[in-house]
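Below is one structure, written out as structure tokens, with a few remarks after it.
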Amino acid sequence: MGNFGEKLRNIRVRWGLSLREVKERSEKLAKNWGNNSYEISGSWLARLENGNHEMTVPKLITLSTIYSESAEELLREFQPKMGSSGIDLCQELSGPNTTQLLTGGQLYAQARLLLPDDFSSASIPEDTSLLPPEDEPTSSPYRWVIIGRKDRTLAPMIQPGSIVKIDIQKKAILSRKDWTNEFDRPIYLILTPRGFVCGWCELAEGGLLTVVTHSLSGKPLQHWKYKTEVDVYGRAVAVSMRLTA
């Protein structure tokens, strides 16, 4: 177990994680999976890394998820079958403290799904468009949209060809006090008489909705009557942007 503990310590250090941070992330996993046996204490992990403790299967699964390493790589004797809930939760957990080159594991698989090899070479439509759903359940609150060549509302921050994930349950226009800079300012997908547009929004007391453009976009502001001329389709929660045309 000594060599295994040393390997675990090296992986943790490579991710830039402290014992306490591993403990906190394990608590989130245990809560999500509904079983306290998945929790890892800092003292337990320290003893394990020093070769003074035995591994259990639940804790092996937890470390596998946190370190984005397959259980087989961590411990050859075990090969647990990880369900999709484990992968989904990784998207909710905070990332590593240091920049990593992904060469395998769950985060690598997620990155390949998010940015496939042909992502930057696929053609860009003229207009911002909803991507057709495939196997998404109808109850899902998320839709995906591709920014068209004509929609330069937030360029260069969000370029044409970018894929934006929209939460259709978040339609309320937040006020200025809810954000501090342009990077955490809410972005909305708006359906106008001219088609979809993705941009910042301001709502006046008289019911006038202003679609705010980026200062470097060279595009004018758009003014519409809220709910009579335009609909707020949802709020952006993630974006994948190509850096080459």
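The values are calculated or read from the model by the stated rules, or taken from the named source; none is laboratory data. Fair warning: this is a prediction, and the values are worked out from it, not measured in the lab. No Cβ is skipped: glycine too gets one built from the backbone with ideal geometry, and neighbour counts run over all protein chains shown. Note: accessible area is taken over every heavy atom of the protein model, side chains too, but ligands, DNA and RNA are not part of it. Shrake-Rupley method; radii C 1.70, N 1.55, O 1.52, S 1.80 Å.
Data overview
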item: Estimated vicinal HN-Hα couplings, Hz - the range 211-227 in sequence order (Karplus 6.51, -1.76, 1.60; Gly, Pro = x); result: 8, 8, 9, 5, 4, 9, 6, x, 9, x, 5, 10, 10, 9, 7, 4, 6
item: Cα-based helix-to-principal-axis angle, 57-66 vs the chain, degrees rounded to 10; result: 40
item: Percent of C-alpha pairs per 5 Å bin, the range 167-245, short to long; result: 3, 14, 25, 27, 20, 8, 3, 1, 0
item: Rotationally averaged projected area of the range 196-240 (alpha carbon convex hull; nm²); result: 3.9
item: Extension gain, Asp118 back to Arg149 (0.36 nm per residue minus Cα-Cα distance, nm); result: 9.3 nm
item: Local electrostatic count, Leu209, Cβ distance below 13 Å [Lys/Arg +1, Asp/Glu -1]; result: -1
item: Cα→Cβ-extended label distance, 7 Å offset, between Asp184 and Ser139, nm; result: 3.2
item: Value of [θ]222 nm, deg cm²/dmol, for the chain, DSSP H segments ≥ 4, -39500 (n - 2.57) each, nearest 500; result: -8500 deg cm²/dmol
item: Mean separation of Cα contacts under 8 Å, 6 or more apart, over the residue count of the chain: relative contact order %; result: 14
item: Positive-end residue, the chain charge dipole about Cα centroid, Cβ charges, pick of Val211, Asn97, Gly148; result: Val211
item: The chain - Debye-derived log10 I(q)/I(0), Cα point model, q = 0.11, 0.12, 0.15, 0.18 Å⁻¹; result: -0.73, -0.82, -1.04, -1.26
item: Residue-normalised accessible area of the chain, expressed per residue, 1.4 Å probe, Å²; result: 59
item: Radius ratio Rg over Rh of the range 1-68, counting only Cα atoms, Kirkwood formula for Rh; result: 0.93
item: Charge dipole magnitude, Cβ of K and R +1, D and E -1 - the chain, Cα centre, debye nearest 20; result: 500
item: Under the Debye formula (equal points on every Cα, no solvent term), log10 I(q)/I(0) of the range 112-245 at q = 0.14, 0.16 Å⁻¹; result: -0.62, -0.82
item: Karplus 3J(HN,Hα) series, Hz, for the range 140-148 with 6.51 cos²θ - 1.76 cosθ + 1.60 (x for Gly, Pro); result: 5, x, 10, 10, 10, 9, 10, 6, x
